[in-house]
Amino acid sequence: MKLSLRLKLVIFTFCVVLVVGGTISLYSTYQGRQGILTTFEKEYQKIAAMIAEIVTNEVYFLNLLSLRHRLENARVNPDIRYTYVTDMEGVVLADGTAENALRDQKLTDPLSIELLISNDWRSRIEGAILKIGGPILMADGSRIGYLHVGFSLDRAYQSIRDTIRTNLYLTVICLGIGAILAFMLSTRFSRPISSMVRASREIGEGKLHTRLLIERGDELGMLAKAINEMAANLEEDKAALQRKVVETRTLYEIGQEITAQVALEPTLHLIVERARELLQAEASLLALRQGESDTFAIQAYSGTVPEALAGVHFKPEEGLSRRVIMAGIPMRVNDYIHEYRESPFLEAAKEAGIRSAVAVPLKARGTVVGVLAVTSRAPHQFREED
């Protein structure tokens with residue numbers, strides 16, 4: 001099964017959220033559990049120390065009956081499961097019960113043995129019981145016995161369970177938010193990529209007008225801009241290639257016509273017609289030298305040409321034709337009316353609405369024998385390559 005890019009991003013982002021969120025949740029749960037146990041342990045140590053102070057006199061005077069009552073009263077606290085008082089050898093003096101069943105028994109559990117060689121309070125968790133033991137001290141700091149108290153951890157474990165449940169709910173909520181964010185993030189990245197793939201496919205199929213409407217400031221926006229620029233360049237190259245094809249075909253047709261025709265007039269008309277169509281202009285004129293004289297006559301034209309120019313005979317004077325004939329090179333005019341105000345053909349040019357033009361000399365054996373001009377009513381119509 002092939003996964004889409006969006007689904008891959010969703011899965012990846014969700015896995016990141018799951019790993020990070022799960023790790024944080026587990027760590028916070030562990031820290032919360034340790035914090036709760038530490039809090040309860042400190043609280044229970046204070047209670048045990050207070051009980052030790054209360055029974056000091058009874059232990060010192062060995063008033064076992066009073067000692068038993070005080071230990072029994074201490075068990076009013078619902079968290080206390082047992083209370084023992086031992087002498088300096090670890091032998092039980094009272095266990096806080098009416099039977100006092102542990103009287104004269106020596107405690108051998110690890111906590112009791114540890115207390116005999118320690119001067120501080122000690123604690124140990126066994127199952128659901130927190131065992132706390134410590135010395136019973138006189139006012140001068142001398143030890144006269146030891147107190148053992150067992151506290152139930154039910155309340156602590158219930159608090160831990162509540163904390164875990166709360167963390168679990170928060171984790172589920174965070175995962176839900178993470179899933180939504182993963183979907184939104186994947187959509188934000190996959191949608192423009194899908195658009196780019198679709199646009200690239202269309203451009204590859206020749207639809208060079210395809211453009212991406214993606215406005216972003218990141219790398220995806222830069223990539224979309226690059227694709228649009230590539231499509232625009234390809235479109236321009238295609239248009240230029242098509243123009244070259246049209247130009248080549250036109251020149252080929254003219255060449256074929258020249259070699260096939262015996263009469264000159266049809267060939268001249270074909271040349272001016274094709275030149276006008278090729279450059280998408282309003283008019284095209286072709287003038288040839290008359291014999292050995294300096295007189296030129298318009299032999300063919302295409303498009304809208306005023307009567308003042310059609311069939312006119314002229315000698316090279318001021319104007320575009322003169323400059324082309326004299327220089328023997330192609331020339332371009334962006335605004336004929338402003339650039340050739342002294343031309344004898346100015347009025348005719350105004351009547352024809354000529355604004356821009358391009359003219360080339362027609363040569364035979366190095367001699368200019370004619371002029372081909374293409375004109376337009378729009379200024380700056382022609383390019384250098386025209």
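The values are calculated or read from the model by the stated rules, or taken from the named source; none is laboratory data. Since the model is a prediction, treat every value here as computed from it, not as a measurement. Backbone-built Cβ (ideal geometry, glycine too); neighbour counts: all protein chains shown. The area values use the complete protein model at the heavy-atom level, side chains included, leaving out ligands, DNA and RNA. Shrake-Rupley method; radii C 1.70, N 1.55, O 1.52, S 1.80 Å.
Taken over region 196-207, the criterion of being open to solvent by 20 Å² or more (accessible area, probe 1.4 Å) and touching a residue at least 12 places away in the same chain (Cβ under 8 Å) is satisfied by S200 alone. Inspect region 150-161 for any residue being open to solvent by 80 Å² or more (accessible area, probe 1.4 Å), out of contact with any Ser or Thr (no Cβ under 7 Å at 6 or more places or on another chain) and among the β-branched types (V, I, T) and give the result as yes or no. No, because not a single residue in region 150-161 is open to solvent by 80 Å² or more (accessible area, probe 1.4 Å), out of contact with any Ser or Thr (no Cβ under 7 Å at 6 or more places or on another chain) and among the β-branched types (V, I, T).
Candidates are the residues of region 200-251 that are among the basic types (K, R) and not in a loop (DSSP other than H, G, I, E, B); the one that is nearest to V272 (Cα to Cα) is R249.
Determine, yes or no, whether G90 is on the phi > 0 side of the Ramachandran plot and of a type outside the set (F, W, Y). Yes; evaluated as a whole, the condition is true for this residue.
The number of residues in region 90-125 that are in contact with a helix residue (DSSP H, G or I) (Cβ under 9 Å, 6 or more places away or on another chain) and either among the basic types (K, R) or part of a strand (DSSP E or B) (or both) comes to 8. Filtered by the rule that a residue be in contact with a strand residue (DSSP E or B) (Cβ under 6 Å, 6 or more places away or on another chain) and among the hydroxyl-bearing types (S, T, Y), region 349-386 gives S356, T375, S376. I'd like to check something: does region 66-85 contain any residue that is surrounded by 15 or more Cβ atoms within 10 Å (Cβ to Cβ) and among the acidic types (D, E)? Yes: one or more hits.
Against the test of being in contact (Cβ under 8 Å) with a residue 12 or more places away in the chain, within 30 Å of L115 (Cα to Cα) and among the β-branched types (V, I, T), the options I193, I160, I164 yield a single qualifying residue, I160. What is the one condition in (1) more than 30 Å from P192 (Cα to Cα); (2) crowded, with 16+ Cβ neighbours inside 10 Å that P266 does not satisfy? So the condition that P266 fails would be (2).
Among the residues of region 126-149, write down those that are surrounded by 14 or more Cβ atoms within 10 Å (Cβ to Cβ), touching a residue at least 24 places away in the same chain (Cβ under 8 Å) and over 22 Å from N57 (Cα atoms). Result: I129, L130. Pairs linking a residue in region 65-90 that is among the aliphatic types (A, V, I, L, M) to a residue that is open to solvent by 40 Å² or more (accessible area, probe 1.4 Å) and modelled with pLDDT of 90 or more, with Cβ atoms under 7 Å and 6 or more positions apart or on different chains, are M88/R143. Could you tell me which residue of region 313-327 is nearest to A359 (Cα to Cα), considering only residues that are open to solvent by less than 80 Å² (accessible area, probe 1.4 Å) and at pLDDT below 70? Once the filter is applied, the top-ranked residue is G319. Of the numbered criteria (1) modelled with pLDDT of 75 or more; (2) of a type in the set (A, V, I, L, M, F, W, C); (3) assigned to a helix (DSSP H, G or I), the one L286 fails is (3). Per the conditions (1) more than 30 Å from V10 (Cα to Cα); (2) modelled with pLDDT under 90; (3) open to solvent by less than 30 Å² (accessible area, probe 1.4 Å), the sole criterion not satisfied by N167 is (1).
The number of residues in region 17-29 that are within 23 Å of the chain's Cα centre (by Cα) and without any contact (Cβ under 8 Å) to a residue 12 or more places away in the chain comes to 2.
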